[in-house]
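S.K.: Would you mind keeping the following structure in view while I ask a few things?
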Amino acid sequence: MTSPSILGVLLVIAETATPAIADSSRTPVPDPRPLMLAAIDASDGQSHGVLTGELADAITKRFAATSPIYIDVSTERRYRQAGCRRLKVLFWQDGVQLPGAAAPRKHTIEFGINYCRDGLPPRSLE
């Protein structure tokens, strides 16, 4: 398991302009995998959730954040292999107070991953 400090650092690496709007329709998840699978299966290729559990609580407390940790997953590409996609995974949180920073602000991290329903990468990127 990733320690809270490592994931916390990842969450504050990058900022993006406008992630999806937070709302009560988000699925609570302990990690992004259920959302990645939901995006693979979704007709629009998207899923949205909120990170829950001890890790989410530790990160939020450590950075005195003012919101939960939101996760947005979208499909960037569909591969020929059934159940395999290129996914964009975005974590974001409002009101993150970094040590030495003048004021809290929104922080995000985004990454792309080639992922299949079985948890493995596709055999081919075609």
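The values are calculated or read from the model by the stated rules, or taken from the named source; none is laboratory data. Note that the structure is predicted; figures quoted are calculated from it, not measured. Every residue, glycine as well, gets a Cβ built from its backbone with ideal geometry; the counts of neighbours run over all protein chains shown.
S.K.: Quick one: in the range 99-122, which of the residues that are part of a loop (DSSP other than H, G, I, E, B) and in contact with a strand residue (DSSP E or B) (Cβ under 8 Å, 6 or more places away or on another chain) is nearest to Ser25 (Cα to Cα)? Spell out the reasoning first.
M.R.: First, pick out the residues of the range 99-122 that are part of a loop (DSSP other than H, G, I, E, B): 99-104, 117-122.
Within this subset, residues satisfying the condition of being in contact with a strand residue (DSSP E or B) (Cβ under 8 Å, 6 or more places away or on another chain) are 104, 117, 121-122.
Numbers: Pro104: 26, Arg117: 23, Pro121: 29, Pro122: 30 Å.
Among those residues, the one meeting the criterion is Arg117.
S.K.: A further question on this structure: Kindly provide the set of residues from the range 39-83 that are under 16 Å from Gly112 (Cα atoms) and either assigned to a loop (DSSP other than H, G, I, E, B) or without any contact (Cβ under 8 Å) to a residue 40 or more places away in the chain (or both), ordered by number.
M.R.: Gly45, Gln46, Ser47, His48, Ser74, Thr75, Glu76, Arg77, Arg78, Tyr79
S.K.: For the range 62-113, which positions are modelled with pLDDT under 95 and of a type in the set (A, V, I, L, M, F, W, C)?
M.R.: Phe63, Ala64, Ala65, Val96, Leu98, Ala101, Ala102, Ala103, Ile109, listed by residue number.
S.K.: Name the pairs: first residue in the range 110-126 and of a type in the set (Phe, Trp, Tyr), second residue part of a strand (DSSP E or B) and surrounded by 11 or more Cβ atoms within 10 Å (Cβ to Cβ), Cβ to Cβ under 7 Å, at least 6 apart or on different chains?
M.R.: The qualifying pairs are Phe111/Val89; Tyr115/Arg85; Tyr115/Leu87.
S.K.: Additional query: Hey, could you check the range 72-118 for residues that are loosely packed, with under 15 Cβ neighbours inside 10 Å and under 16 Å from the mean Cα position of the chain (by Cα) and say which is farthest from Val50 (Cα to Cα)?
M.R.: Looking at residues that are loosely packed, with under 15 Cβ neighbours inside 10 Å and under 16 Å from the mean Cα position of the chain (by Cα), I get Glu76.
S.K.: Please determine, by comparing only the residues of the range 3-38 that are outside any strand (DSSP E or B), among the hydroxyl-bearing types (Ser, Thr, Tyr) and over 21 Å from Gln97 (Cβ atoms), which one is modelled with the lowest pLDDT.
M.R.: To start, the set of residues in the range 3-38 that are outside any strand (DSSP E or B) comprises 3-13, 15-26, 30-38.
Retained after the next criterion (residues that are among the hydroxyl-bearing types (Ser, Thr, Tyr)): 3, 5, 16, 18, 24-25.
Then keep just the ones that are over 21 Å from Gln97 (Cβ atoms); that gives 18, 24-25.
Numbers: Thr18: 38, Ser24: 68, Ser25: 84.
Among residues in the range 3-38 that are outside any strand (DSSP E or B), among the hydroxyl-bearing types (Ser, Thr, Tyr) and over 21 Å from Gln97 (Cβ atoms), the one modelled with the lowest pLDDT is Thr18.
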